[in-house]
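Derivation of every value follows stated rules applied to the coordinates shown; laboratory data play no part. Predicted model, so just to flag it, every value in this text is computed and none were measured. As a convention, Cβ positions derive from the backbone with ideal geometry for all residues, glycine included, and neighbour counts pool all protein chains shown.
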Amino acid sequence: MKKFLTLLSALPAILLFAWLGCGGDKSKGVIAYTPQTLSNPFFGVIGDHIRAEAEQNGYEVLIVDPDYDVKKQSDQFDDFIAKNVTAIVLVPCDRLSVGPAVQAANKAGIPVFTVDAKCAAEGVKIEGHVGTDNFQGGELAGKAMIDALGEKGGKVLILDLKRAHSCVLRVEGFKKVINAHNKESTGKIEVVAELDGNGDRTKGYQSTADALQAHSDLDAIFAINDPSALGAYTAVKEAKRQDKIKIIGFDGQLDGKQAIKEGKIYGDPIQHPDKMGKLIVQLIVKYQAGEEIQPETLIPATLYTKAEADQDPDLK
Amino acid sequence: MKSKLDARKLLSEYGNVLVLLLLCAFISIVTLEEQSPRSTAAANRLAEKIAQASPKGANVIVLVRSGKGQQEFADKLKDALTNAGLHVPDSIVGTPRDARIALEKQTATIAAIAADNHMATFCADQLPNLGKAITALNKTTVHQPRKHKWPNFLKKENLLNVLKQISIVAIIAIGMTMVIITAGIDLSVGSLIAFSGVITAVSIQHLAGGGDPTTGHLLLGSAAGILVCAIIGMGTGSLVTLFNIPAFIVTLGVMFIAKGLAFIFSESAPIPVSNEGFAWLGRGSDLMGLPNSVVLMLLLYVIAHVIMAHTSIGRYIYAVGGNPEAARLSGVPVKWVLVFVYTLCGLLAGLGGVMEASLHITGDPKSGTLVELQVIAAVVVGGTSLAGGQGKIFGTLVGALIIGVIRNGMNLTGVEAHMQSVVYGVVILIAVMVDQLKNRSAKTGA
């Protein structure tokens, strides 16, 4: 017991040493980043490029993970405010309930920027947004679907994620192209089911397995991101229908790209998280310089199929 | 000799306080950073320094980033500079954009800029170029208050944050402590947070009938959320006692039911409450700058402590957990005690749900996910035995603080997220081990 007490009394000394030991740093400030989750590599890539670009511009970076929990994200905002950071980069866990946290940052004078997904709460000030043009990406997916199914058309399952606005836009863009196609062409493409894929492998697998039972003549699947597309592939393979059913994903994460190269997925409209991370920091640097900034920058998605995958040096 | 024994007794009862203190000290060390003071004294010192470097009557601009308390700081600086015999033609509190526009307008020669740390960075970056374009600025020097070292963790604002952040978990942990002392468990509290929040938001919006809800509606809606969860808790307790089903199973079932109901009642979408006043409980601070949620938490802990330490129901709860058969034989109404603790746990989870909804001004069916595990962790780290029969209410508060302090410390220093999870696990294990060692040394020492 005595040892503990001695240790306790030694603490002020330790504190003093730490105070003496710390040198001043010449950083311009801290850019804090709170995405929806870091378990999705997409947000990790954005974070990596935020870090690279910020450090080049003399800023430190603080990255935290709220794990899809708005409460945690709000707590992180409080921590950022206590730390008096230069700017906050946010991917809202929930586009509405994150509002009060953003307001708190607004009140503290800390500029908030969003990347990928927007904040839709009322009475908040977002200085700038960088994201993918999800509607246009959905249109690309629609075009890819028409290519994949060819002349005769077919029956399609959509794996959606209704609580993410970005994914709703993807489905809307997809349907717009498909509807336009159906008006002009004889080979109609029919959406036979829209199920929740939860944006992950597990749910993507379950929903697809169920849909395969209900629709023995399914021809293709559009999944709103790579994890759910890969889950769908597992179900299709299990039913031994991988030769007949074409899958189109979204995002262009590494394992998604690999699956495209291996022919498991037909193609992806890919996002460019590297550009997003870079652009958002450039936006912050401009803001800090007192220049006028564009409130919204949308990066167009591009289509990525086997042809691109075969040229990709990042893949095995 | 006596004092030594007292210290030993104290440590064996509240051994986790030691863990908490060590943690606080450690986190203070690692969050030590340069701080920019905003006090009157700092403003005066800065003004003095600028006055020494500039001729009398020279023009000095005040430039600080907008934010809480920043206007006051700018005013202090302006007063101090004027008192020091300098002329302050412009005082800007705003964004870098505001600063640039204001600087570009200057025509008279500016000798110096008095800035806060953010604007000093802005000036260091931008002034060289601005100075070339605008003659008024080409000899301008920038000054900011002398920085001092202080841990971010120990800032008053941050300490209040930590208390505010743990308040929901800590309040529910009161109920959970009592449940665990009776050798039970309640896995449903996380789902009840979501359910209560949704019921509260739905009731408020329904009562208001499409219009803006009044304070009365807010109170009634919150009461509905809390009451419904208390009733669910009562149901849980009844199932545990009447059918003798293990609490783990009953509350697992209730967990799924409440989660599902939360999504059904909210139609899977968060329900915003259209009255900002609803944020009073979750975000307001009325009593001496203390957040309302923290005041509520402390109040509930005092009440719970009194109940557990000084009333017969408290003694019954310990007795039921220690040896239910002996308790029954000595006349303790075992079944009623069990129903009571589960009802209270449900009620507090309902209150937690209202607080969470208030925090976001939204009833969100997704909220509360896995919070039951945080609550259980707080209770266990607080020294309550899962075997029942022993535990201390304030120990649980310390447990919640330990977990909150670690989380805050890791966020302030930017510890990577998966590492955070590992650290949580390790700390839970260490805290429980220290507690066991204390118990052992207390027993052998006596």
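Assorted remarks:
- For chain A, with +1 on Lys and Arg beta carbons and -1 on Asp and Glu, the positive-most of A:A307, A:G249, A:P100 along the dipole: A:P100
- The simple spin-label model puts a point 7 Å past each Cα toward its Cβ; for B:N244 and A:K316 those points are separated by 5.7 nm.
- The charge dipole of the protein assembly as shown, taken about its Cα centre with unit charges on the Cβ atoms of Lys, Arg (+1), Asp and Glu (-1) only, comes to about 2340 debye.
- Note on segment B:93-162: lysine pairs with Cα distance below 27 Å, sequence gap of 8 or more or different chains, count 5.
- Least to most buried among B:S421, B:S191 (fewest other Cβ within 10 Å first): B:S421, B:S191
- Cα shape, chain B, gyration tensor, a/c 1.5 rule: prolate
- Distance (nanometres) between label positions extended 7 Å along Cα→Cβ at B:R45 and A:K286: 3.9 nm
- Taking Cα centre as origin and charging only the Cβ of basic (Lys, Arg, +1) and acidic (Asp, Glu, -1) residues, the dipole magnitude of segment A:103-172 rounds to 220 debye.
- Neighbour cut-off at most 11 other Cβ (10 Å), DSSP loop, trypsin sites (Lys or Arg not before Pro), segment A:221-309: A:K240
- For segment A:149-243, the average shadow cast by the Cα convex hull is 5.7 nm², which is a quarter of the hull's surface.
- Only Lys, Arg (+1) and Asp, Glu (-1) charged, at Cβ; segment B:8-106 dipole about Cα centre in debye: 60 debye
- Cα gyration tensor shape for segment B:40-146, rounded if a/c is under 1.5, else prolate or oblate: oblate
- Farthest toward the positive end of the dipole of chain B, out of B:L347, B:G221, B:L159, is the Cα of B:L159, where the dipole comes from beta carbon charges about the Cα centre.
- With neighbours defined as other Cβ atoms within 10 Å of a residue's Cβ, the residues A:R95, A:R170, B:R315 order from fewest to most as B:R315, A:R95, A:R170.
- Residue-span extension gain [B:F256 to B:T109] - 0.36 nm each, minus C-alpha spacing: 45.9 nm
- For residues of A:288-298, the mean tally of beta carbons on other chains within 10 Å: 4
- Model label sites at A:K275 and B:S330, defined 7 Å from Cα along the beta-carbon direction, differ in position by 7.5 nm.
- Peptide A:64-72, shielding by other chains (average Cβ, 10 Å cutoff): 6
- Gyration tensor verdict on the protein assembly as shown (Cα atoms; rounded if a/c is under 1.5, prolate if a/b is larger than b/c, oblate otherwise): oblate
- Sequence-separation-based contact order of segment B:154-445, relative, with Cα cut under 8 Å and 6+ spacing, percent: 34 percent
- Neighbour-count ranking [beta-carbon atoms within 10 angstrom, fewest first] of B:V334, B:V341, B:V228: B:V334, B:V228, B:V341
- Amide N proximity, segment B:355-391 versus B:T215 label position 7 Å along Cα-to-Cβ, cut-off under 18 Å: B:358
- Within the listed set B:P37, B:P151, B:P291, the residue fluctuating most in the Gaussian network model of chain B (springs between alpha-carbon atoms under 10 angstrom) is B:P37.
- Charge context of A:T132, other residues only, Cβ under 11 angstrom, K/R +1, D/E -1: -1
- Taking all pairs of distinct alpha-carbon atoms in chain A, Kirkwood radius in angstrom: 21.4 Å
- Here the contact order of segment A:27-126, divided by its residue count and restricted to Cα pairs under 8 Å and six or more residues apart, works out to 29 percent.
- With contacts taken as Cα pairs under 8 Å and at least 6 residues apart, chain A reaches a relative contact order of 17 percent.
- Among B:Y316, A:P295, B:G289 the positive-end extreme of the charge dipole of the protein assembly as shown (Cβ point charges): B:Y316
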